2 protein chains.
Amino acid sequence: MSNKPLKVALLGCGSVGSQVVRLLTEQAGDLEARVGAPVELVGVSVRRLDAPREVEVPEGLLTTDAEALVTREDVDVVVEVIGGIEPARTLILKALESGASVVTANKALLAEDGPTLFEAASKAGRDLYYEAAVAGAIPILRPLRESLAGDRVTRVLGIVNGTTNFILDKMDTSGAGFAEALEEAQELGYAEADPTADVEGFDAAAKAAILASLAFHTRVTAQDVHREGISEVSAADVASARDMDAVVKLLAIAELRDDQVSVRVHPAMIPRSHPLASVREAYNAVFVESEAAGQLMFYGPGAGGSPTASAVLGDLVTVGRNRLNDTTGVGESAYADRAVRPMGETVTRYHVAIDVEDRAGVLAAVAQAFADNGVSIQIVRQEGRGADAQLVVVSHQATDAQLSATVETLRGMEIVREVTSVMRVEGESE
Amino acid sequence: MSNKPLKVALLGCGSVGSQVVRLLTEQAGDLEARVGAPVELVGVSVRRLDAPREVEVPEGLLTTDAEALVTREDVDVVVEVIGGIEPARTLILKALESGASVVTANKALLAEDGPTLFEAASKAGRDLYYEAAVAGAIPILRPLRESLAGDRVTRVLGIVNGTTNFILDKMDTSGAGFAEALEEAQELGYAEADPTADVEGFDAAAKAAILASLAFHTRVTAQDVHREGISEVSAADVASARDMDAVVKLLAIAELRDDQVSVRVHPAMIPRSHPLASVREAYNAVFVESEAAGQLMFYGPGAGGSPTASAVLGDLVTVGRNRLNDTTGVGESAYADRAVRPMGETVTRYHVAIDVEDRAGVLAAVAQAFADNGVSIQIVRQEGRGADAQLVVVSHQATDAQLSATVETLRGMEIVREVTSVMRVEGESE
């Protein structure tokens, strides 16, 4: 083993970056033993030198010139935790070109332009690791790309956004509506002032793209992901799920079917007996189904400075070891090159609640609407009587196009006063 | 990438081995793409050539001469799934000496004599991987030794034996006693005719030793593990747990405290709100607490031919890639060299149910017995009245020696008719 230190440059010193600095300092002895050489922080790029920080950065390390830092000849590994597309992309590409390996937590960039980064890493013969980009501290990317490398993953169902899980959990436990639950999440710091990226599923969609790429050995970008957020989820939807002994979760779903990949993010009902149903508050979990291993679940904190820093440091140790051994780890694996299945052709199931006229023949007419669209029904439940009559229908599997056409048909029917809840059902075997 | 095939020798063709053969055949294309070279099975050692098998082994590959197979010059990787100490140890050592890398699922051997194997691998400059040895298909060893390499693990709580989890789950859901639940487990194939290795915690103890070694970067063998099985767990214990909104699980526990490692396997009550409480039937899960990542859980099938083969093949892909890149992965990491804390000094909590005389002052006397042994009480609950009076006491944290001395004191007291249940309490913060 070499005694030459592994020189690390850090881009960004916000909530994650400051925890990276802390761990590099506090666990220096352990890191040296595990990497096989001392790990030395040689520079930290920030936007403002005088901004308040959670950690004391050693004298002389701070710089506002990120580009000069990543192209320093003596830097072995660049850790990027600034997020966003630019300048992160340019800095990562320059770091790789200059011969550094890269560890990043940047899900948005990987989901938008991963292939450019992977190709640059491959060309440079360097590592690009990004465990922290999905589900914070939960080791999920490494298991997918290494532990399950001898297996065939068929489906990934993930709760990968803590903000929306907190809101939906609150709606489930307290009966609150979306707006009220969002407000509480904002007060507690679980949601940002502008919650769009979380609430409308953009954050989860980026993670879904990354998970799908790794699980199915093909390139999937954020543009390939069908995305629906949770802002339309109502207290009635949540109550309806409860009646079905189910719970509403925002799921990132990646499935392999007929050698095509289906990738989507949307709220869905899952049975309370499903392991994902017990993922509470802002926790994350990724449920993986594979041909040989069966059902696996990975659970933990999906965000936060310290958990995310744990994932970054894990990658840093691996990349550092590889560097000392003059090798690289598993790079991009996209040999399968599969097509992405359009959402309309994706197979799913719908739960539909309908406010109907109180007259004979209503059930038959509704059932006919499903049949006319080629959708078969698993459960019909009639609730209330008279003016309050409501029908709840859960379909068998059909394509999303057939199912949404059914809902359109229902909306046009005279006997239907209102379609009060439409939600997909996941996590059940047919 | 090389086109020279990676040559694999398989030792054992039982339930795991036959699934390894199946996956090597069915997923040959994917394996080649992931390893970077075709993966070729060149020999399978068995005890009897004509034994019935779950899989058709290609003509000419079967042999009864395992030693000749592992020392063949052209073999790159030896996969050992025969289990037990000998001849597995000798064969693995010979394989490493002959220049092959090794993938094994052998928890008993690793827990008894891991250091000998690790040293042989290090001396030979070859890989020794063993993900399948703990919790079947669940990727837990690789996350511990790689993903969490930049963090500081403080505690591991594992349900790592499916047989005992099935029995305890059955006792919890049906109210059955141990003997009845064991019988059902045997009928369903979850328990063997001689269930000792599972029921008395030997299997879990081996896995606890492996988990502790990896989590704390030190050598821990099966002999270091305090072990209690579940054969003494009564329906009354399970009912008492239920009254506390807890559930009884056989836990493998590895903890770091004052730089000492405490490793033990015993039944314990955990709150129903704990993620491990929802691990049902024969499933396994490992709950990891670390300084930066916080609480993580890894869940999945802990045994079975196909899940275990998935873990074996994942290792095989990594070892194969390392081989082609002329490198090795993370070897043994035992730099911390920590002492193992004796069970008497291990800090835990007790739940004690006591059948007491119906007279004034009983509660005071019992409380005094705890105080005399230096144990402070968290909860006392009095149940029933008159001749059926029972006291349930849950202690605060104390050493196991103090707690067991308290129980001895109680047993000697005149007012105590019987100590009906003694069980440790885990998974709660104090």
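The values are calculated or read from the model by the stated rules, or taken from the named source; none is laboratory data. Nothing here was measured: the structure is a model prediction, and the numbers come from that model. All Cβ positions, glycine included, derive from the backbone under ideal geometry; neighbour counts span all protein chains shown. Heads up: the accessible areas ignore ligands, DNA and RNA and are worked out on the full protein's heavy atoms, side chains in. Shrake-Rupley method; radii C 1.70, N 1.55, O 1.52, S 1.80 Å.
No other residue among B:Ala179, B:Ala193, B:Ala204 is open to solvent by less than 10 Å² (accessible area, probe 1.4 Å) and of a type in the set (A, V, I, L, M) apart from B:Ala204.
For the stretch B:122-155, taking the residues that are acidic (Asp, Glu) and facing chain A (nearest Cβ under 7 Å), the one that is surrounded by the fewest Cβ atoms within 10 Å (Cβ to Cβ) is identified as B:Glu146. Against the conditions (1) away from every other protein chain (no Cβ under 14 Å); (2) in contact (Cβ under 8 Å) with a residue 60 or more places away in the chain, B:Phe178 satisfies every one except (2). The condition (being assigned by TED's automatic domain parsing to the domain that holds A:Asp203 and either open to solvent by 20 Å² or more (accessible area, probe 1.4 Å) or more than 19 Å from A:Met423 (Cβ to Cβ) (or both)) is satisfied by just one residue among A:Asp259, A:Asp237: A:Asp259. No other residue among A:Val42, A:Val103 is within 14 Å of chain B (Cβ to nearest Cβ) and either surrounded by 15 or more Cβ atoms within 10 Å (Cβ to Cβ) or assigned to a loop (DSSP other than H, G, I, E, B) (or both) apart from A:Val103. Within the stretch B:305-320, being at the interface with chain A (Cβ under 7 Å from one of its Cβ atoms) and either without any contact (Cβ under 8 Å) to a residue 60 or more places away in the chain or not aliphatic (A, V, I, L, M) (or both) holds for B:Ser306, B:Pro307, B:Ser310, B:Gly314, B:Thr318.
On the stretch given as the stretch B:325-346, residues that are surrounded by fewer than 17 Cβ atoms within 10 Å (Cβ to Cβ) and more than 14 Å from chain A (Cβ to nearest Cβ) total 4.
Can you find, within the stretch B:286-300, the residue that is nearest to B:Val20 (Cα to Cα) among those that are open to solvent by 20 Å² or more (accessible area, probe 1.4 Å) and within 7 Å of chain A (Cβ to nearest Cβ)? Working first, answer last.
Of the stretch B:286-300, the ones open to solvent by 20 Å² or more (accessible area, probe 1.4 Å) are B:289, B:291, B:294-295, B:299.
Filter once more, so that each one left must be within 7 Å of chain A (Cβ to nearest Cβ): B:294-295, B:299.
Values: B:Gly294: 35, B:Gln295: 33, B:Tyr299: 22 Å.
In this case the residue turns out to be B:Tyr299.
In the stretch B:404-430, the residues that are in the same structural domain as B:Asp355 (by TED's automatic domain parsing) reach residues that are part of a strand (DSSP E or B) and open to solvent by 50 Å² or more (accessible area, probe 1.4 Å) with C-beta atoms within less than 6 angstrom, at least six apart or across chains, in these pairs: B:Val407/B:Val422.
Please state which one of A:Glu112, A:Glu56, A:Glu119, A:Glu67 is more than 14 Å from chain B (Cβ to nearest Cβ) and part of a loop (DSSP other than H, G, I, E, B).
Details: A:Glu112 fails: part of a loop (DSSP other than H, G, I, E, B); A:Glu119 fails: part of a loop (DSSP other than H, G, I, E, B); A:Glu67 fails: part of a loop (DSSP other than H, G, I, E, B).
Just one listed residue meets the conditions, A:Glu56.
Regarding the stretch A:363-372, can at least one residue be identified that is outside any strand (DSSP E or B), touching a Phe, Trp or Tyr at 6+ places or on another chain (Cβ under 7 Å) and either β-branched (Val, Ile, Thr) or in the same structural domain as A:Val233 (by TED's automatic domain parsing) (or both)? No, because not a single residue in the stretch A:363-372 is outside any strand (DSSP E or B), touching a Phe, Trp or Tyr at 6+ places or on another chain (Cβ under 7 Å) and either β-branched (Val, Ile, Thr) or in the same structural domain as A:Val233 (by TED's automatic domain parsing) (or both). Confirm whether B:Leu117 is over 17 Å from B:Asp326 (Cα atoms) and open to solvent by 10 Å² or more (accessible area, probe 1.4 Å). So B:Leu117 does not fit the description; no. When restricted to residues that are within 16 Å of A:Leu363 (Cβ to Cβ), open to solvent by 50 Å² or more (accessible area, probe 1.4 Å) and part of a strand (DSSP E or B), the stretch A:403-422 contains 1.
What do you reckon, is B:Thr221 assigned by TED's automatic domain parsing to the domain that holds B:Gln295, of a type outside the set (A, V, I, L, M) and open to solvent by less than 40 Å² (accessible area, probe 1.4 Å)? In short, yes.
Residues satisfying the criterion are present in the stretch B:420-429 (criterion: out of contact with any strand residue (DSSP E or B) (no Cβ under 6 Å at 6 or more places or on another chain) and either hydroxyl-bearing (Ser, Thr, Tyr) or at pLDDT 95 or above (or both)).
The set of residues from the stretch A:1-35 being within 13 Å of chain B (Cβ to nearest Cβ) and open to solvent by less than 10 Å² (accessible area, probe 1.4 Å) comprises A:Leu6, A:Val8, A:Ser18, A:Val20, A:Val21, A:Leu23, A:Gln27, A:Leu31, A:Val35. Applying the selection to the stretch A:297-332, what residues are among the small types (Gly, Ala, Ser) and farther than 22 Å from B:Ile138 by Cα? The answer is A:Ala303, A:Gly304, A:Gly305, A:Ser306, A:Ala309, A:Gly320, A:Gly331. Of the strands (runs of 3 or more DSSP E) lying entirely inside the stretch A:270-357, the ones with 1 or more residues being acidic (Asp, Glu) are found at A:283-290, A:347-356. Does B:Gly229 fit the bill of being more than 14 Å from chain A (Cβ to nearest Cβ) and outside any strand (DSSP E or B)? Yes; evaluated as a whole, the condition is true for this residue.
Can you tell me which residues in the stretch B:73-90 are more than 22 Å from B:Ser310 (Cβ to Cβ), touching a strand residue (DSSP E or B) at 6+ places or on another chain (Cβ under 6 Å) and open to solvent by 10 Å² or more (accessible area, probe 1.4 Å)? Of everything in the stretch B:73-90, just one residue is more than 22 Å from B:Ser310 (Cβ to Cβ), touching a strand residue (DSSP E or B) at 6+ places or on another chain (Cβ under 6 Å) and open to solvent by 10 Å² or more (accessible area, probe 1.4 Å), namely B:Asp74.
Within the stretch A:316-335, the set of residues being aliphatic (A, V, I, L, M) and modelled with pLDDT of 95 or more comprises A:Leu316, A:Val317, A:Val319.
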